[in-house]
2 protein chains.
Amino acid sequence: MKTTNKQTLLAAALVCALAFTATTARAAEPLPSWNDGPAKKSITAFIERATKPGSPDFVPVSERIAVFDNDGTLWCEQPLPVQLYFALDRVKALAPQHPEWNATEPFASLLKGDLHAALAGGGRALLELVMATHASMTTVEFERIVKAWMATARHPKKGKLYTELVYQPMLELLDYLRANGFKTFIVSGGGIEFMRPWAEQVYGIPPEQVIGSSVKTKFEMRDGEPVLMRLPELNFIDDKGGKPVGINQHIGRRPVMAFGNSDGDREMLEYTQGGSGPRFMLLVLHDDSAREYAYGPAKGLPDVKLGAFTSALYEQAKKNNWTVVSMKEDWAQVFPSEKKPATATGVTNPHRKSETKKWR
Amino acid sequence: MKTTNKQTLLAAALVCALAFTATTARAAEPLPSWNDGPAKKSITAFIERATKPGSPDFVPVSERIAVFDNDGTLWCEQPLPVQLYFALDRVKALAPQHPEWNATEPFASLLKGDLHAALAGGGRALLELVMATHASMTTVEFERIVKAWMATARHPKKGKLYTELVYQPMLELLDYLRANGFKTFIVSGGGIEFMRPWAEQVYGIPPEQVIGSSVKTKFEMRDGEPVLMRLPELNFIDDKGGKPVGINQHIGRRPVMAFGNSDGDREMLEYTQGGSGPRFMLLVLHDDSAREYAYGPAKGLPDVKLGAFTSALYEQAKKNNWTVVSMKEDWAQVFPSEKKPATATGVTNPHRKSETKKWR
């Protein structure tokens, strides 16, 4: 009996000791894919203040809410947002059942391969595309379609799966915040049910922490089975002023940290900053045409139709003390699969490798 | 150095040992306010199957989602739902600013003290009451009003704070499920922002796990401050077929366990049962006029306008193998403040006392 107790204690002690070691090792070098510089320093300094008991900027664990935009903040959104490629592929797949599309825009141009003409209709054309491809099926059917597509569809320029084009520094940031007691949420203009099927595996963010745009759904019994039908009717647009609305609806607290990359995230960052106590806001500026894309039009970078980071937003960021990340300067590595160039110290970080394994 | 290591290990071992002891003590007698009987047994048997690795009914931790109706399931909803008393008190408080209410229903009857006449207008009258009292202010202002009211308003018959009229057996059930890896959610027809300000303290359920009915909100800058204005416009009714819709919108997974008490919960239980794998559904039947209220009309109990448990629902529960709790037979104690009658064994349970302390 006594020996057993001793053995149990010893085993328990070892488990605890290992846990302590792991925590320490992790705390030793957070954010290994971030270059040492003002952006990385602003993050780690904030986390130190927010988690240090007795600090004037201490944030209780229950209030540690961090919100992340998805397109352009956690993964690549150029040359077009991923969900748009999904919609285009769905149009092609569904075309045989819709002969009328050959004479209706935006479908006709799309089926002829003229993406530019198809999207000339702007928001209205986009909406029609989404409704034709994202609705009139059950939520379970839609989830299956998204999963199958994400497992095979590839980025038109980089040839990789879209889930391989997530940003390694942001994966590390998500992990770092969670290790410091933060609950991480996605708050995206993208479809809530387009992100949920893969967000947990790729980002470690469970479905109930994903907020996005949505169509209306309706409960009904179909062949005796209770299902939710996706209706071809907009429910909510989680962009711009919609982001604080979505945050309040889903989370019910004001975030302490907010991360974005475009004008669509402005109100989310404003809302986050509007709370009392310490707050942290960050925007990613895509200025790296070599490793990813370069677009603004802030700082004279090329303009884009979707995902623009305007000069006005850049001025607001400077004025409001928001951190702006230069992808080129602040990120030692962009994508998980990249060969990392030799660092100054030449040390390989085992943590990053395990991260890479995790999201695959 | 060696001594310090040893001391650290010993301290760690003690911490672990204490943690193990606490877990064991807790596991020894779950649900102390539940009488031993088929209802309690159905719950504990399900949890054993769902959490036992290798069991055919094993549920992975990430899928352990349990949803609870609030009114009549977690707290007392008679003679009227609590939120209605809140609305009535708000009408009285706001009346001086609304002289027109003296000539407009449902306000006029209400201000004369004729509750019956005020509610004769049915759903439409209710909606007008809610819009006049729950909107046209910021979310922060509304939260402050709810908190102040909950801290002082008392049940018209029992004279207690409403948060004292939560069900002790359900508090224990929430704790028991969480101790077994379940994430607990409220899914209520009540207002989402009416519940969030106190649900964490009373039930241990954080704001982001509260789902309910809502008004639309709008982001705006007011005197340079970013706020969300509550608009006098319905956004979502989280009742009946709306419950599965709300669950999908907020959680994005099908629950494994669902708890309710009235016809408004039928679709939530159907939707829960519709998933593959093991599922558990439960309804509370209020048949205890001595300690709480007795209403159905199921089983010949008195009928009620709000919160009815119909005979059709009772038949469906029997047919679908849903557990029906008889408040009278299955609950040894109803409210936390009750003096518990001597049990068969005469043992006082320390766990229940700590529970009581917690929710106050």
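The values are calculated or read from the model by the stated rules, or taken from the named source; none is laboratory data. What you see is a predicted model, and the numbers here were worked out from it, not measured in a lab. FYI the Cβ positions are ideal-geometry reconstructions off the backbone, even for glycines, and counts take in every protein chain you see.
I'd like to know if the stretch B:189-197 contains one or more residues that are within 11 Å of another protein chain (Cβ to nearest Cβ), in contact (Cβ under 8 Å) with a residue 12 or more places away in the chain and closer than 19 Å to A:S213 by Cα.
Taking the stretch B:189-197 as the starting set, the residues that turn out to be within 11 Å of another protein chain (Cβ to nearest Cβ) are B:192-193, B:195-197.
From what's left, in contact (Cβ under 8 Å) with a residue 12 or more places away in the chain: B:192-193, B:195-197.
Remaining after also requiring closer than 19 Å to A:S213 by Cα: none.
No, the conditions are met nowhere in the stretch B:189-197.
Given the options A:G277, A:G241, name the one that is touching an Asp or Glu at 6+ places or on another chain (Cβ under 8 Å) and at pLDDT below 95. Outline the logic, then answer.
On the way: A:G241 fails: at pLDDT below 95.
The unique qualifying residue is A:G277.
Against the condition more than 13 Å from the chain's Cα centre (by Cα), at positive phi and surrounded by fewer than 21 Cβ atoms within 10 Å (Cβ to Cβ), how does B:G204 come out, does it pass?
Values: more than 13 Å from the chain's Cα centre (by Cα): no; at positive phi: yes; surrounded by fewer than 21 Cβ atoms within 10 Å (Cβ to Cβ): yes.
In short, no.
Test A:R49 against the stated conditions and say whether it is over 23 Å from the mean Cα position of the chain (by Cα) and of a type outside the set (F, W, Y).
On the way: over 23 Å from the mean Cα position of the chain (by Cα): yes; of a type outside the set (F, W, Y): yes.
The answer is yes for A:R49.
Give just the number: which of (1) under 23 Å from A:A66 (Cβ atoms); (2) at pLDDT 95 or above does A:A290 not satisfy?
With respect to (1) under 23 Å from A:A66 (Cβ atoms); (2) at pLDDT 95 or above, A:A290 is out only on (1).
When the stretch B:223-242 is examined, which residues are found to be farther than 14 Å from B:D71 by Cα, at the interface with chain A (Cβ under 9 Å from one of its Cβ atoms) and of a type in the set (D, E, K, R)?
Residues of the stretch B:223-242 that are farther than 14 Å from B:D71 by Cα, as a first pass: B:223-237, B:241-242.
Restricting the remaining residues to those that are at the interface with chain A (Cβ under 9 Å from one of its Cβ atoms) gives B:225-228, B:235-236, B:241-242.
Passing the criteria: only B:E225.
Considering only the stretch A:303-319, I want to know if a residue exists there that is at pLDDT below 95 and β-branched (V, I, T).
yes
Considering the stretch A:167-185 alone, what residues qualify as being within 14 Å of chain B (Cβ to nearest Cβ) and in contact with a helix residue (DSSP H, G or I) (Cβ under 6 Å, 6 or more places away or on another chain)?
From the stretch A:167-185, those within 14 Å of chain B (Cβ to nearest Cβ) are A:181-185; that's our starting set.
Those that are within 14 Å of chain B (Cβ to nearest Cβ) and in contact with a helix residue (DSSP H, G or I) (Cβ under 6 Å, 6 or more places away or on another chain): A:G181, A:T184, A:F185.
Since A:I247 meets every condition but one in (1) buried (at least 24 other Cβ atoms within 10 Å of the Cβ); (2) facing chain B (nearest Cβ under 8 Å), which condition does it not meet?
(2)
When the residues of the stretch B:291-338 are narrowed to those that are within 19 Å of B:L269 (Cα to Cα) and among the aromatic types (F, W, Y), which ends up surrounded by the fewest Cβ atoms within 10 Å (Cβ to Cβ)?
Filtering the stretch B:291-338 for residues that are within 19 Å of B:L269 (Cα to Cα) and among the aromatic types (F, W, Y), the one surrounded by the fewest Cβ atoms within 10 Å (Cβ to Cβ) comes out as B:Y314.
Within the stretch A:209-228, count every residue that is among the hydrophobic types (A, V, I, L, M, F, W, C) and free of Cβ contacts under 8 Å to residues at least 24 places away in the same chain.
Qualifying residue count, the stretch A:209-228: 2.
Taking A:V215 as the residue in question, decide whether it is within 21 Å of the chain's Cα centre (by Cα), within 11 Å of chain B (Cβ to nearest Cβ) and of a type in the set (V, I, T).
On the way: within 21 Å of the chain's Cα centre (by Cα): yes; within 11 Å of chain B (Cβ to nearest Cβ): yes; of a type in the set (V, I, T): yes.
So A:V215 passes the test.
Suppose we keep only residues that are on the phi > 0 side of the Ramachandran plot and of a type in the set (D, E, K, R) within the stretch A:207-242. Which one would you say is surrounded by the fewest Cβ atoms within 10 Å (Cβ to Cβ)?
Step one: list which residues in the stretch A:207-242 are on the phi > 0 side of the Ramachandran plot, which gives A:223-224, A:240.
Applying the additional criterion that residues be of a type in the set (D, E, K, R) yields A:223, A:240.
Numbers: A:D223: 5, A:K240: 17.
The extreme case among them is A:D223.
Consider A:G159 carefully, then state whether it is surrounded by fewer than 17 Cβ atoms within 10 Å (Cβ to Cβ) and modelled with pLDDT under 95. Can you show your working first?
Numbers: surrounded by fewer than 17 Cβ atoms within 10 Å (Cβ to Cβ): yes; modelled with pLDDT under 95: no.
Spelling it out, it is not the case that A:G159 is surrounded by fewer than 17 Cβ atoms within 10 Å (Cβ to Cβ) and modelled with pLDDT under 95.
Can you name the condition, by its number, that B:R253 falls short on among (1) more than 7 Å from every other protein chain (Cβ to nearest Cβ); (2) surrounded by fewer than 20 Cβ atoms within 10 Å (Cβ to Cβ); (3) in contact with a helix residue (DSSP H, G or I) (Cβ under 7 Å, 6 or more places away or on another chain)?
All conditions pass for B:R253, except number (1).
Would the stretch B:67-88 turn up any residue that is of a type outside the set (D, E, K, R), within 14 Å of chain A (Cβ to nearest Cβ) and buried (at least 18 other Cβ atoms within 10 Å of the Cβ)?
Going residue by residue through the stretch B:67-88, those that are of a type outside the set (D, E, K, R) are B:67-68, B:70, B:72-76, B:78-88.
From what is left, the residues that are within 14 Å of chain A (Cβ to nearest Cβ) are B:67.
Right, trim to buried (at least 18 other Cβ atoms within 10 Å of the Cβ) and you get B:67.
Yes: the stretch B:67-88 contains one or more residues that are of a type outside the set (D, E, K, R), within 14 Å of chain A (Cβ to nearest Cβ) and buried (at least 18 other Cβ atoms within 10 Å of the Cβ).
Among (1) surrounded by fewer than 18 Cβ atoms within 10 Å (Cβ to Cβ); (2) over 20 Å from A:G252 (Cα atoms), where does B:L171 come up short?
The single condition B:L171 does not satisfy is (1).
If I ask for residues that are in contact with a Lys or Arg (Cβ under 9 Å, 6 or more places away or on another chain) and crowded, with 16+ Cβ neighbours inside 10 Å, which ones from the stretch A:107-136 would you list?
Across the stretch A:107-136, the qualifying residues are A:L110, A:L111, A:A118, A:L119, A:L129, A:A132, A:T133, A:H134, A:A135.
Of the conditions (1) under 17 Å from B:P169 (Cβ atoms); (2) in contact with a helix residue (DSSP H, G or I) (Cβ under 6 Å, 6 or more places away or on another chain); (3) not hydrophobic (A, V, I, L, M, F, W, C), B:T310 fails just one. Which one is it?
(1)
Within the stretch A:62-140, which helices (runs of 4 or more DSSP H) (wholly inside it) include 1 or more residues that are in contact (Cβ under 8 Å) with a residue 24 or more places away in the chain and under 29 Å from A:Y167 (Cβ atoms)? Outline the logic, then answer.
Values: elements: A:82-94, A:107-111, A:115-118, A:122-134.
The helices (runs of 4 or more DSSP H) meeting that bar are A:82-94, A:115-118, A:122-134.
Answer yes if at least one residue in the stretch A:150-163 is within 14 Å of chain B (Cβ to nearest Cβ), out of contact with any Pro (no Cβ under 7 Å at 6 or more places or on another chain) and in contact (Cβ under 8 Å) with a residue 60 or more places away in the chain, and no otherwise.
Of all residues in the stretch A:150-163, those within 14 Å of chain B (Cβ to nearest Cβ) come to none.
The answer is no; no qualifying residue exists.
Can you spot a residue in the stretch B:27-37 that is under 25 Å from B:W331 (Cα atoms), loosely packed, with under 15 Cβ neighbours inside 10 Å, more than 26 Å from the chain's Cα centre (by Cα) and at pLDDT below 95? Spell out how you get there, then give the answer.
Initial filter on the stretch B:27-37 (under 25 Å from B:W331 (Cα atoms)): B:27-37.
Filter again for loosely packed, with under 15 Cβ neighbours inside 10 Å, leaving B:27-29, B:36-37.
When the remaining residues are screened for being more than 26 Å from the chain's Cα centre (by Cα), the result is none.
No, the stretch B:27-37 contains no residue that is under 25 Å from B:W331 (Cα atoms), loosely packed, with under 15 Cβ neighbours inside 10 Å, more than 26 Å from the chain's Cα centre (by Cα) and at pLDDT below 95.
Can we say B:R178 is in contact with a Ser or Thr (Cβ under 8 Å, 6 or more places away or on another chain) and of a type in the set (K, R)?
Yes: the conditions hold for B:R178.
How about the stretch B:256-301: which of its residues are in contact (Cβ under 8 Å) with a residue 60 or more places away in the chain, of a type in the set (D, E) and more than 14 Å from chain A (Cβ to nearest Cβ)? Talk me through it step by step, then tell me what you get.
Going through the stretch B:256-301, the residues in contact (Cβ under 8 Å) with a residue 60 or more places away in the chain turn out to be B:256-262, B:264-265, B:268, B:272, B:277-278, B:280, B:282, B:284, B:286, B:292-293, B:295.
Now restrict to residues that are of a type in the set (D, E): B:265, B:292.
Listed by number, the list holds a single entry, B:E292.
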